[in-house]
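Heads up: the structure comes next, in structure tokens.
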Amino acid sequence: MKPFLATGVIAFTTALSCGQAFANKSDDTLHTAFSKELESVDFYFQSAREGTIFARQVWDGLVFRDQTTGDYVGNLASSWKWVDDTTLEFKLREGVKFHNGEEFDADDVVFTVNYVVNPDNHVTVPGNVNWMKGAEKVDKYTVRITTNGPFPAALEYLSGLVAIYPNDYYAEVGPSGMALKPVGTGPYRVESVEPGKHFVLKKFDGYYDGPKGQPSIGTIDIRTIPDINTQLAELFSGGIDMIWNVPADQAEQLAAMDQFTVANESTMRIGYITMDAAGRGGEGPFAKKEVRQAIGYAIDRQAIVENLLKGSSKVVNSACFPSQFGCEQDVETYSYDPAKAKALLAEAGYPDGLTVDFYAYRNRPYAEAMMAYLADVGIKANLNYLKYSALRDMQKKGSAGFGFLTWGSNSINDVSAITSQFFKFGDQDFARDEEVKTWLDTGDKSVDDKVRKENYSKALKKIAEEAYWIPLFSYNSNYVFSKDVAFTPTPDEIVRFFDMSWK
């Protein structure tokens, strides 16, 4: 018998007791909410999706990926060319100003790149930038970026993971100053920051004519509201105009009320279970392949998708998002088979089951559903539900090796943004497989698409066969906003305030 999957009864009592107030276009301010408390708004010293969303409004990169065509177009760069397999040369856009009036030129690009690639500066997600060796100035509006070996995904990374900072200002204030008074070239400037709690963005009247376009809404007011029911109450009372990542059951109820626009869109984020196959946290059951495979057979991923995620989510079998370049789909799969799971546990020496610690940082109902399935085959999982920053710190030290986590690839449509992040001996690699690392290194460095696909395929097949990860499902996102707001969500999970307008 399958464990019971409770979707829960959503308490709208508080929200419904308040009369709905429509978005007040008269003050030209869109009120919205972040669910997570940001470690910092300095893009390079945080790792949350909210931080990425914030950054896209405030800073620009050298290139921009068109969401409709998938093509790369110039942003702070007007053109570029590969000089050789490891050198990209950019001609920069002239006449661009930072929010503080500082002129943009090659010095800003060189400073930013050389700062973030310096290991002494300890950026939070080094994999986003350490493919670059450095940058050098050719002239005032020409710069060359050198990579650490061939890196075919360079433009993809530059389009979303390398925000250009003002060199003079950042050299003066550093990450702490940028976190309090951010300065960029983006369509919105930051008027105020109350760390972790409240952020106010204002339309930058001096914004250049680039691919992001001129923003329409004058002010974006963002508060941190971790609890979804509190967000809903604010939505109904008119305190905020827009929320996202609304659970499926709440979204269904809101759609039925027909008081708001409810939009569902797929995302590149996938959920996965990681297991300490390498024994980084000490000798344990996950060193045995049979135990890891048993975890895969124990969980009914399709039922979780149908009952909890809903929308456009799908079961995922490979350790990547299906649309990403090199994401091999012909891999070992683990269909729901509790009898097989029990047999594998017995084969591994656990006929009576086992007790383990299980870690998670988001989507507690999903984690609890998985725990129920595990209990059904004899695995008692003790839930440790932590903030992401705390869980990540533990994993850096080699502990918390069994858990449910997610990864959105920073919206980078390439396997190097996910599989290579977790299986190349980084601080969240609990497999430590030399063969997998070699294949990924080859795929990450080759400029030959065929070579890349062949090596990524080998790596992903072995990851699945050895059950180093149990990929679970893709995510979707429900966006709920006032009918006075015009907004179309995109699959990359980036909320672009500069694309919004009032109806």
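Largest first and in whole Å, what are the equivalent-ellipsoid semi-axes of segment 218-350 based on the Cα gyration tensor, each being the root of 5 times an eigenvalue?
Working: eigenvalues 300, 58, 52 Å².
Largest first, segment 218-350 gives 39, 17, 16 Å.
Classify segment 298-350 from the C-alpha gyration tensor, please: rounded if a/c falls under 1.5, else prolate or oblate depending on whether a/b exceeds b/c. If you can, show how the numbers build up before the last one.
On the way: a/c = 3.78, a/b = 1.49, b/c = 2.54.
Oblate, since a/c reaches 1.5 and b/c is not below a/b.
Given charges of +1 on the Cβ of Lys and Arg and -1 on the Cβ of Asp and Glu, with all other atoms neutral, how large is the dipole of the chain about its Cα centre, in debye to the nearest 20? Walk me through the numbers on the way to the answer.
Numbers: 51 positive and 68 negative charges, 127 e Å.
Computed charge dipole of the chain: roughly 600 debye.
Rounded to the nearest 500 deg cm²/dmol, what is the calculated helix-only ellipticity per residue at 222 nm for the chain, with -39500 (n - 2.57) per DSSP H run of length n ≥ 4? Display every interim value, and only then the final one.
Details: 15 runs with 145 residues, N = 503.
Computed ellipticity for the chain at 222 nm equals -8500 deg cm²/dmol.
How big is the shadow of the Cα convex hull of segment 193-289, averaged over all directions, in nm²?
On the way: hull surface 47.5 nm².
Averaged projected area of segment 193-289's Cα convex hull equals 11.9 nm².
If packing is taken as the average number of other Cβ atoms within 10 Å across a peptide's residues, how do 189-196, 372-379 rank, most packed first?
Values: 189-196: 16.1, 372-379: 19.9.
By packing density, highest mean first, the sequence is 372-379, 189-196.
For segment 93-235, take N as its residue count and report Rg(C-alpha) divided by 2.2 N^0.38 Å. Walk me through the numbers on the way to the answer.
On the way: Rg = 17.1 Å, N = 143, 2.2 N^0.38 = 14.5 Å.
For segment 93-235, the normalised Cα radius of gyration comes out at 1.18.
Taking a ≥ b ≥ c as the square roots of the Cα gyration tensor eigenvalues, with a/c under 1.5 meaning rounded and otherwise prolate when a/b beats b/c, else oblate, which class fits segment 368-503? Working shown, then result.
Details: a/c = 2.17, a/b = 1.22, b/c = 1.77.
The shape class here is oblate.
What does the C-alpha gyration tensor say about the overall shape of segment 298-440? Classify as rounded when a/c is under 1.5, otherwise prolate if a/b is larger than b/c, or oblate.
Values: a/c = 1.38, a/b = 1.29, b/c = 1.07.
Rounded shape, in that the Cα axes give a/c under 1.5.
Give the residue from PRO365, SER323, ALA303 lying farthest towards the positive end of the charge dipole for segment 299-380; charges sit on Cβ (+1 for Lys and Arg, -1 for Asp and Glu) and the dipole is referred to the Cα centre.
Of PRO365, SER323, ALA303, it is PRO365.
Could you state the accessible area per residue of the chain in Å², with a 1.4 Å probe and every protein chain left in place? Before the final figure, lay out the partial values.
On the way: 19590 Å² over 503 residues.
Using a 1.4 Å probe on heavy atoms only, each residue of the chain averages 39 Å².
What is the set of long-range amide H partners of LEU383 at a cut-off below 5 Å, with H atoms built 1.01 Å from backbone N?
PHE358
What do you get when you divide the Cα radius of gyration of the chain by 2.2 N^0.38 Å, with N the number of residues?
Its radius of gyration relative to the 2.2 N^0.38 Å reference: 0.99.
Could you tell me what percent of the DSSP beta bridges with both partners in the chain are antiparallel, to the nearest 5? Please report the intermediate quantities before stating the final value.
Numbers: 53 of 70 bridges.
The antiparallel proportion sits near 75 percent.
Taking the Cα centre of segment 392-454 as the origin, how large is its charge dipole in debye, to the nearest 20, when only Lys and Arg (+1) and Asp and Glu (-1) carry charge on their Cβ atoms? Walk me through the intermediate numbers first.
On the way: 10 positive and 12 negative charges, 40 e Å.
Here segment 392-454 has a charge dipole of around 200 debye.
Can you find, among THR219, ALA390, ALA348, the residue sitting farthest towards the positive end of the charge dipole of the chain, where Lys and Arg contribute +1 and Asp and Glu -1 at Cβ?
It is ALA348, whose Cα lies furthest towards the positive end.
Can you bin every Cα-Cα distance in segment 442-503 into 5 Å intervals starting at zero and give me the percent of pairs per bin, rounded to whole numbers?
Result, from short to long distances: 3, 13, 13, 11, 10, 12, 10, 10, 9, 6, 0 percent.
Where the only charges are on Cβ atoms (+1 Lys, Arg; -1 Asp, Glu), what is the dipole of segment 207-249 about its Cα centre, to the nearest 20 debye? If you can, show how the numbers build up before the last one.
Working: 2 positive and 6 negative charges, 27 e Å.
Using Cβ point charges on Lys, Arg, Asp and Glu, segment 207-249 gives about 140 debye.
Sort 449-458, 490-499 by the packing proxy (mean of other Cβ within 10 Å over each peptide's residues), most packed first. Before the final figure, lay out the partial values.
Numbers: 449-458: 17.6, 490-499: 20.2.
Listed from highest to lowest mean packing, they are 490-499, 449-458.
Can you list the HN-Hα couplings for segment 418-426, worked out from phi with the Karplus curve (6.51, -1.76, 1.60; θ = phi - 60°), rounded to whole Hz and with x for Gly and Pro?
Per residue, the Karplus-derived 3J(HN,Hα) values read 9, 4, 6, 6, 10, 10, 10, 6, x Hz.
With the dipole of segment 94-175 worked out from charges on the C-beta (+1 for Lys and Arg, -1 for Asp and Glu) around the Cα centre, which of ASN167, VAL125, PHE98 lies farthest toward the positive end?
The residue sitting farthest along the positive end of the dipole is VAL125.
Of the heavy-atom accessible surface of segment 384-502 (probe 1.4 angstrom), what whole percent is carbon and sulfur?
C and S fraction of accessible area: 47 percent.
Where the accessible area of segment 153-274 is counted over protein heavy atoms with a 1.4 Å probe, how much of it, in %, is carbon and sulfur? Each step should come with its number before you reach the end.
Working: 1910 of 4100 Å².
Looking at segment 153-274 in its full context, I get 47 percent from C and S.
Using θ = phi - 60° and the Karplus form 6.51 cos²θ - 1.76 cosθ + 1.60, what ³J(HN,Hα) does each residue of segment 201-213 get, whole Hz, x for Gly and Pro?
10, 10, 4, 8, 5, x, 5, 6, 8, x, x, 6, x
Based on the mean of other Cβ atoms within 10 Å per residue, sort peptides 319-329, 26-36, 348-358 so the most packed one is first. Each step should come with its number before you reach the end.
Values: 319-329: 20.8, 26-36: 18.0, 348-358: 14.8.
Listed from highest to lowest mean packing, they are 319-329, 26-36, 348-358.
The values are calculated or read from the model by the stated rules, or taken from the named source; none is laboratory data. Keep in mind that what you see is a predicted model, and the values were worked out from it rather than measured. In this analysis, Cβ positions are derived from the backbone assuming ideal geometry, glycine residues included, and neighbour counts consider all displayed protein chains. With ligands, DNA and RNA removed, areas are computed over all heavy atoms of the protein, side chains included. Shrake-Rupley method; radii C 1.70, N 1.55, O 1.52, S 1.80 Å.
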